[in-house]
Structures are given as C-alpha cells and as structure tokens.
1. Give me the extension gain from Q403 to A172: residue separation times 0.36 nm, minus the current Cα-Cα distance, reported in nm with one decimal.
2. About its Cα centre, what dipole magnitude does segment 278-427 give when the only charges are +1 on Lys and Arg Cβ and -1 on Asp and Glu Cβ, stated in debye to the nearest 20?
3. With only Lys, Arg, Asp and Glu charged, each at its Cβ (+1 for the first two, -1 for the last two), find how big the charge dipole of the chain is about the Cα centre; round to the nearest 20 debye.
4. So if R0 is 35 Å, what FRET efficiency would K42 and L66 give, r being the distance between their Cβ atoms, rounded to the nearest 0.05?
5. Taking Cα atoms, how many degrees apart are the long axis of helix 246-267 and the longest axis of the chain, rounded to 10 and kept between 0 and 90?
6. Using a 10 Å Cβ count of at most 12 others and DSSP loop calls, identify the longest part of the chain lacking such trypsin sites (Lys or Arg not before Pro).
7. Could you give me the ³J(HN,Hα) list for segment 94-106, computed from phi with Karplus coefficients 6.51, -1.76, 1.60 and θ = phi - 60°, whole Hz, x at Gly and Pro?
8. Show the residues, 5+ positions off or on another chain, whose built amide H is closer than 5 Å to the amide H of V291.
Amino acid sequence: MRMRFTAPMTAVMVCLVSWLVLPQALAGEALRLAQALEKTLKQAPALQQYPYQLRLNEAQQLQAALTPTPEFAVSLENIAGTGSSRGLKNAELTLTLSQLIEMGDKRTYRLEKNQWQHTLLQQQFEISRLDVLSATTRSYIHQVALQQQQQLQQQRLAREQRLLALAKQRAAASSLSDADVSRLELRLIRSQLALTALDNALELGRAQLAAHWGEAANFTQVEGSLESLPLLPALAELQRSLLQSPSLAQFVSQSRLHQAQLSLAQAGQSADISLTAGIRRTQSNNDTAFVLGFSMPWQLNDVSAGARLAANTHIELSQLQQQQTHTALRLLVQQIYLELEQLRQYASVLQSALIPKAAQLQQLSERGYQQGQVDLFSLLSAEQELHQAEVDLVSAQSRFHLQLLELERLTGQSLTVSGPVRLSALE
C-alpha cells in the first residue's frame, strides 16, 4: 500500500519486517528488525539535523509574511541661519509618517516560495529517512546472512570432526595411512580458523548495525531467516510506480519552487510606492498645515532581468534532470528486476536439486569411506561440494533480499506480493 508522501515513509519497511523477521528460538538476547528500525528512527545521527532545518524554515516563513513597517520622520528647517532665519524665528517643524506599499503581490509570492521550500525540505527529510532505514536493513540482512554462514560452518566442522574420528579408527586398525589423518587434521584447523573469522565478522557486524542508531551493540544475535523469497509485481507495474517515487516527486517540488521564484522576480518589475502624510508647523507666522507626499523609484533598467533568467533556467534544468532521472531509474529497476528473477531461479535450483544431491553424495561417500570403498580425496570433494552449495544458497538469498530492498528504496513503496501469484495475473 502506498503511503502519502507527507506521512513517515516507513511503509516500505513493513514488508521487510514481514518476510525477514521470523520468530526463532535463538540463544541469548536477540534483536528484531522492527526494534532496529525503531531505534534508527529515534536516534539516527543523520536525522538529527532536520528538526532544526524545519525550524529555520518556519522562521523564514514568519519573515516572509511581514509587511513593510511604517516610518516616522521629523525634520526641522530654516534654523540657525542669518538674517530672518537666525535662531528659530522662521523655523519649520515637519512630522511625517510614511508607508511603503508593495506592488505586484510580492508578499504572496514570497509566502508561496517559502511554502515550496518547506515542502521540498520535508521531501528531502523523507528521502533521508528512507535511506537511513534502508541502510539499517542492509546491515541487518548482512548480519542474518553471517549467522546462517556461521551455522553452516559449525555443521561442516561437526562433520569433519566425525570424519577425523573415523579416520583415526581406521588408522588404528592399520587400514589407513597417517597421511590421511594429518590431511583431515589440517582441514579441521582451517575450518576452525574460518569459524573464528565468522565470529569476528559477526561481532563487527553487530557494532556496525548498532552504529546506525549511535549506540554500542547490546544484543548477541538478530532474529531472521533469508529462506523466504517474496514474489514481485510485474515489471511494468514497478516502472509505473516510479512516477510516485520520492526522487521524482522531489523534482516536481523543485520545479514548483523555481516557478514561485520566477513569479517573485516578475513581481519585482512592479515598482513599490511610498505614501507620506504629516503636519508642518511654521514658527514665523504660527501656522500649521498638513503635508502629503508620494514617491516611487524611477526604474531606468530592468531590475529583475537576471532573477527571471535564473528562475527560467532552473525550471528548464529541473525538467531535464527529472526526465534523465526517470529514464535512469527505469533502466535500474529493470536491471534489478531481472537479477531478482535470476537469483530466485538460482536459489530454487540450489535448494531443490543441487543441495539434496550434494548431501546424498556426501552421505554415500562417508559410508563408502567408512567401509574402505571410497578414498579420502573423493570424500573431501563431496564434503566441499555440499558446503559450497549451502554457502551459495545463503549468498543468493542474501543478494535477493538486498536487491529487493534497493528496489523498494527506489520506488518508496512495499512491492512484494504475499499471495502465490503476481499482481498482473489478477488483473
């Protein structure tokens, strides 16, 4: 469901929570994706500056709404001269009040310009918020993948320990050379080193994940599974959804802002007028009179020509950038969509065909090795084939979810389908 752009753009994460966060019985304190996203929204350093920018924009809006203030003036003439103007004999005291009147509806255009600046700032904030949430989710997916790789490595280590015990039994019975036992021991050491490297990567990943909300990691694991690969809408639907994407919507607001700047520049062609009214007191004959005045600038040159040219150029540039961005996004969405389909097919083949056959080969090889019918090289080859297939599956699933996340970030919407068929098939 597409959210209104003014609402918090966390709708794109709702789908991620549904397919990534699956309740699991994990030892230790575990973190859920919903918790990570909530912490990120509240504490992300990248989002802390926007409330201040909004307040600055509100201050500018208050300033733009102000009308010119009246001016009070006092003048004293014909004093301290010579002859009849000596001292204050012929002094004239004038008190005036002047008011500048803006022509061309400048105040309205200032307010409109500020309003579009506020809208653009909100859109930039929503884009930044979506980027921050996407970054947190990417780190979360990476952490889930590392945990699954750790489990696979632990399973591999257990199998190798079992093979080493079997090899030692055969060596004790003089049916196996000591070289095969040494080869298995070396392999076991390498597997233990690989497991240690994964443990270190997980510890670093926890720190990197917690850094998204500016805290130290206070969790030991994350909850989640990469096994479920959601269905997608049709490619044509994805490309149509780009019209409501945050990136393109921002260009629309920029164009409206430049249009308001152009209107304000055009209003600058209308000269403002100043009206003056006051009282004049003449000391020589003790008379009082009213004073009225009118003034306006004599615009010999087009004072807003440069501003109008700049505004028109910004409008044309914004339209060109919007068109180019739309074309680039369409190609990028198509590329991601095709890669997602390829990853889904690859993961399906791994899960349904390659891994079961590799597991069967490993079991047959282990039994044959135990019975002395299979040499160590064939057994280790079968073991490596199984482990590599399992690692490839985790890698493909992780890549799928990362690309799906990128697709949702580009469109600003949740695009996955929970049912067994695509949206296009329902039309």
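Here, each number is a calculation from the coordinates, and none is a lab measurement. Since the structure is predicted, the reported quantities are computational estimates derived from the model, not experimental observations. Quick reminder, even Gly has a Cβ in these numbers, built from the backbone with ideal geometry, and neighbours come from all protein chains shown.
1. Extra length from Q403 to A172 when fully extended: 77.9 nm.
2. In debye, rounded to 20, segment 278-427 gives about 800.
3. Using only the charged Cβ atoms, the result is roughly 380 debye.
4. Given R0 = 35 Å and the Cβ-Cβ separation, E is 0.45.
5. Approximately 10 degrees, to the nearest ten.
6. 87-427
7. So the Karplus estimates, Gly and Pro as x, are 10, 10, 10, 10, 10, 9, 7, 10, 6, 9, x, 6, 5 Hz.
8. Under 5 Å from the amide H of V291 lie the amide H atoms of G278, I279, R280, each far enough along the sequence or on another chain.
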